[in-house]
Amino acid sequence: MINSRFDLPADPSIKKILIIKWSAMGDLVIATAAMEDLHRAFPDARIDLHTTRPYRALFEKDHRLSRVLTDNVRSFSGILAWLRSVRQGRYDLIVDLQSNQRSRTLMAILYLLGWAPPYRVGTHPEFPYTISSGVGRIKISAFEIHQRALAAAGIEPLTPRPCLSVPETSVRNARRLQAEHGLHPGRYAIFFPGSQAAGYLKRWGGDSYAALGQALVERGLEKIGLIGGPDDRDACNAIEQTLEAPWLVNLCGATEMLDIVPLCAEAKLIVGNDTGTSHIASATDTPMLVICGPTDPLRVKPVGEQIGAIQADIDCKNCYKKQCAKDHRCMKAVTVEMVIAKLQEMQSL
């Protein structure tokens, strides 16, 4: 039976904790706030994370975690490996921040095998959890869902935004790139103009970012930096080819995921699409504006008081479709002038 009247930090028997969070990158970064709250509530406990292999690099040197598990639970052998790992871990508490059908099934198997710990926290109000946020399919942000799940367990959610553990190697890489490209603190902006290939409709467009870069330089910024991963290379290269400007620095493919944090921490401002790299940047104090169209900013905007969102008020917004029959109008309706005005409203310019 699900019961929200718990005070787990007061239970001295909780010594080993497993957190489950697989994807996507944005949601995983958001979950680092809950990880920080768990670490604060159980400072002496061993905390392990089960995630997916592409995101292992985000947590390999995280001081809050003892182990990062990446068993592929989409295969039968991976499921068996995961079950063995959990059994051997002898966890006292599992916090399932994924809580989708697959993770709930795995938790149910643990329970039926008699290997489940006494405390099982989930963000879905159904078996096999003993403690739940109770939100079910309510359309609220992942951050709020995590906060409610922690609160149901008596864990005070105090961390207001993502909290990434950045290794010294990432700081050195960022400083090297700043020195090589003349990115002086407070005098450059960072753009995230791409998105994963399947989410191309979330892109504002190379021409728009090029025009915005020109406008920001005319307003006094020295440089504009472009950051992205392999799926973003075409978007970044298109902007570079359009501008051919000495003040544009194309860093796409030149950074590791955690290098983004120190690079963004010393930027004047950030502008990006609804993409995972925008969520990584939300771990800094730097003001950021996220441009939305087919996705709802109330649900996808990165977490933090320093972050704003802009979206055109048209009837087909928030459609969440993978293909568009309306000429991508939701993103085209967002003009450079609108973005500049929003940045000024945020006091970023």
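The values are calculated or read from the model by the stated rules, or taken from the named source; none is laboratory data. Because the structure is predicted, anything quoted here is derived from the model rather than measured. For neighbour counting, all protein chains shown are included, and Cβ atoms are generated from backbone atoms with ideal geometry for every residue, glycine included.
Check whether at least one residue in region 240-251 is closer than 22 Å to residue 54 by Cα and surrounded by fewer than 18 Cβ atoms within 10 Å (Cβ to Cβ), and report yes or no.
no
Looking only at region 315-340, count how many residues are free of Cβ contacts under 8 Å to residues at least 60 places away in the same chain, of a type in the set (A, V, I, L, M) and either over 17 Å from residue 191 (Cα atoms) or buried (at least 16 other Cβ atoms within 10 Å of the Cβ) (or both).
Going through region 315-340 one residue at a time, the tally reaches 2.
So which residues in region 127-174 are surrounded by fewer than 15 Cβ atoms within 10 Å (Cβ to Cβ) and not small (Gly, Ala, Ser)?
137, 138, 139, 140, 156, 158, 160, 168, 169, 172 - these are the residues of region 127-174 that are surrounded by fewer than 15 Cβ atoms within 10 Å (Cβ to Cβ) and not small (Gly, Ala, Ser).
Consider only pairs whose beta carbons are under 7 Å apart and that are at least six residues apart or on different chains; among these, list those whose first residue lies in region 222-247 and is in contact (Cβ under 8 Å) with a residue 12 or more places away in the chain and whose second residue is assigned to a strand (DSSP E or B) and among the hydroxyl-bearing types (Ser, Thr, Tyr).
Hits for this filter: 222/188; 223/188; 224/188; 225/188.
Residues that are more than 23 Å from residue 273 (Cβ to Cβ), assigned to a strand (DSSP E or B) and more than 20 Å from the chain's Cα centre (by Cα): does region 178-189 have at least one?
No, the conditions are met nowhere in region 178-189.
Does region 44-59 contain at least one residue that is modelled with pLDDT of 95 or more, loosely packed, with under 14 Cβ neighbours inside 10 Å and either more than 24 Å from the chain's Cα centre (by Cα) or among the β-branched types (Val, Ile, Thr) (or both)?
Yes, region 44-59 has at least one match.
For every residue, the table says whether it meets (1) closer than 30 Å to residue 278 by Cα; (2) outside the structural domain of residue 125 (by TED's automatic domain parsing); (3) without any contact (Cβ under 8 Å) to a residue 40 or more places away in the chain.
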site: 16; (1), (2), (3): no, no, no
site: 26; (1), (2), (3): yes, no, no
site: 43; (1), (2), (3): yes, no, yes
site: 58; (1), (2), (3): yes, no, no
site: 91; (1), (2), (3): no, no, no
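In the same structural domain as residue 208 (by TED's automatic domain parsing), of a type in the set (Val, Ile, Thr) and over 25 Å from residue 215 (Cβ atoms): does that describe residue 290?
no
So, residue 62, is that one assigned to a loop (DSSP other than H, G, I, E, B), assigned by TED's automatic domain parsing to the domain that holds residue 144 and surrounded by 20 or more Cβ atoms within 10 Å (Cβ to Cβ) or not?
yes
Looking at (1) closer than 21 Å to residue 146 by Cβ; (2) buried (at least 20 other Cβ atoms within 10 Å of the Cβ); (3) touching a strand residue (DSSP E or B) at 6+ places or on another chain (Cβ under 8 Å), which is the one condition that is false for residue 82?
(1) is the only condition that residue 82 fails.
Can you pull out every residue in region 146-165 that is hydrophobic (A, V, I, L, M, F, W, C) and more than 14 Å from the chain's Cα centre (by Cα)?
149, 150, 151, 152, 153, 155, 158, listed by residue number.
Taking the conditions exactly as written (under 24 Å from the mean Cα position of the chain (by Cα) and either touching a residue at least 60 places away in the same chain (Cβ under 8 Å) or not assigned by TED's automatic domain parsing to the domain that holds residue 262 (or both)), does residue 74 satisfy them or not?
Against the criterion (under 24 Å from the mean Cα position of the chain (by Cα) and either touching a residue at least 60 places away in the same chain (Cβ under 8 Å) or not assigned by TED's automatic domain parsing to the domain that holds residue 262 (or both)), residue 74 qualifies.
Please give the number of the condition residue 127 fails out of (1) of a type in the set (Phe, Trp, Tyr); (2) in a loop (DSSP other than H, G, I, E, B); (3) in contact with a strand residue (DSSP E or B) (Cβ under 8 Å, 6 or more places away or on another chain).
Tallying (1) of a type in the set (Phe, Trp, Tyr); (2) in a loop (DSSP other than H, G, I, E, B); (3) in contact with a strand residue (DSSP E or B) (Cβ under 8 Å, 6 or more places away or on another chain), residue 127 fails exactly one: (3).
Can you find a residue in region 131-150 that is part of a loop (DSSP other than H, G, I, E, B), closer than 22 Å to residue 105 by Cα and modelled with pLDDT of 85 or more?
No, that holds for no residue.
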